[in-house]
Amino acid sequence: MENPSILVFGKDGQVGKAFQEILGNHPQVTWIGRSECDLSHPSQIQETLEKYQPQIIFNAAAYTAVDQAEKEPELAHLINGIAPRVMADYISKQSDGFLIHYSTDYVFDGAKSTPYEETDATNPLGQYGKSKLAGELAIEKAFKDHPQTTAKYFILRTSWVYGDGANFIKTMLRLAKERTQLKVISDQWGVPTSALWLAQVGYQFTQSKAPSGIYHAITDGETSWHGLATFAIQTAFNCGVHLQAKSQAITPIPATDYPLPAPRPYNSRMSNQKLKEVLRGAELGIDFPSWQNQVEQYVRNII
Ligand SMILES: NC(=O)c1ccc[n+]([C@@H]2O[C@H](COP(=O)([O-])OP(=O)(O)OC[C@H]3O[C@@H](n4cnc5c(N)ncnc54)[C@H](OP(=O)(O)O)[C@@H]3O)[C@@H](O)[C@H]2O)c1
């Protein structure tokens, strides 16, 4: 496909801004934020797609307020569950089109003791996870309903995202400047993932021969929230940032000591083996650095 027309939903989110960084010079990109199209209105999505007629859709938009979703499950379902179906219906009718959609580790309940594979059973604990799972199933169904399609979909499940926007790392660095002691959950495990890396992975799928499906998009390694906070704060300290709380002053606590409206999985770790096989096999130059390597670069950039 030469110079395909691209449409990015969620231009102002962490992953959306990362797309702006990597596709800023692309000649044919339409950037869509909430004010151009409210994803809770399927008719607006339909109109947007008919107006711009994209061959490639990157859906980086989502209802991501995990706790608030417990109070407004219908809205979360419209944005995360219904909107992707409208996008998938449209793309599945385009010859050689692509839908790249982001999903989450929260589709799992976390009861498994090893990293989740793409084929593992889902069982979301909260409304956010349920709405994101509904989006995955809706995309799969739309493509099943068009069995002759030459278009493809890629659902990239990821976790613990950080980029240009509010995120856990920024919160920890702010708190370490304000307080002398921090308490951070140490019994929930996952993989911190860079928004920039996620946008690069999403783009690479459009250059690959990978088959449609679900892929776990995370870098290498694993840690707890406590491990991530400690590493980010130590990195900032090593760079000379003045902090009240040093990394030794971060007390590990169990998740039960920090109750939140939405339950989170204890094990959010996912295997990235399938992703490595398709992207490395295609020799597209995607690296799989350790999470520490990427978080260190990120912290150095934002301090
Ligand atoms: N953040 C994480 O830790 C995490 C973890 C796992 C998976 N994910 C998934 O990764 C993807 C990207 O996440 P992110 O961290 O980049 O999210 P984000 O920073 O919260 O950005 C989400 C974007 O969606 C937009 N949006 C929300 N409701 C909308 C609506 N009704 N109409 C139009 N746009 C709407 C928001 O618009 P406004 O800017 O106007 O609010 C925002 O720009 C999502 O699919 C998310 O589920 C994220």
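Bear in mind that the values in this text are calculations on the coordinates, not laboratory data. Remember, it's a predicted structure, so these values are computed and weren't measured experimentally. Here the Cβ positions follow ideal geometry from the backbone for every residue, glycine too, while neighbour counts run over all protein chains shown.
Quick notes
- Loop-resident sites, region 227-303, for trypsin sites (Lys or Arg not before Pro), counting at most 15 other Cβ within 10 Å (DSSP): Lys246
- Nearest-ten-degree value, helix 127-144 long axis tilted from longest Cα axis of the chain: 30 degrees
- Count Lys and Arg as plus one, Asp and Glu as minus one, and take only other residues whose Cβ is under 14 Å from that of Glu136; the net charge is then +2.
- Note on Thr223, Thr256, Thr122: ascending count of other Cβ atoms within 10 Å places them as Thr256, Thr122, Thr223, the fewest first.
- Reach of Lys11 by Cα under 16 Å, taken over aspartates and glutamates that are not fewer than 8 positions away in the same chain: Glu21, Glu36, Asp38, Asp164
- Potential lengthening between Ala111 and Asp12 on full extension [0.36 nm per residue; Cα-Cα distance subtracted]: 32.3 nm
- Region 237-246 - phi-based ³J(HN,Hα) in whole Hz, Karplus 6.51/-1.76/1.60, Gly and Pro as x: 4, 4, 8, x, 6, 7, 10, 6, 9, 7
- Cβ crowding within 10 Å ranks Leu196, Leu75, Leu275 as Leu75, Leu196, Leu275, fewest other Cβ atoms first.
- Ordering His242, His77, His146 by the number of other Cβ atoms within 10 Å of each residue's own Cβ, fewest first, gives His242, His146, His77.
- Degrees between helix 168-178 axis and first principal axis of the chain (Cα, 0 to 90, nearest 10): 30 degrees
- Long-range Cα-Cα pairs in the chain (distance over 24 Å), rounded percent: 52 percent
- Environment charge at Tyr116 (Cβ cut-off 12 Å; Lys +1, Arg +1, Asp -1, Glu -1): -2
- When the pairs Lys71/Lys130; Lys17/Lys170; Lys17/Lys276; Lys51/Lys209 are compared against a 18 Å limit on Cα-Cα distance, Lys17/Lys276; Lys51/Lys209 fall above it.
- Sites count as exposed loop sites when they are GluC sites (Glu not before Pro), lie in a DSSP loop, and have at most 11 other Cβ atoms within 10 angstrom; the longest stretch of the chain without one is 3-282.
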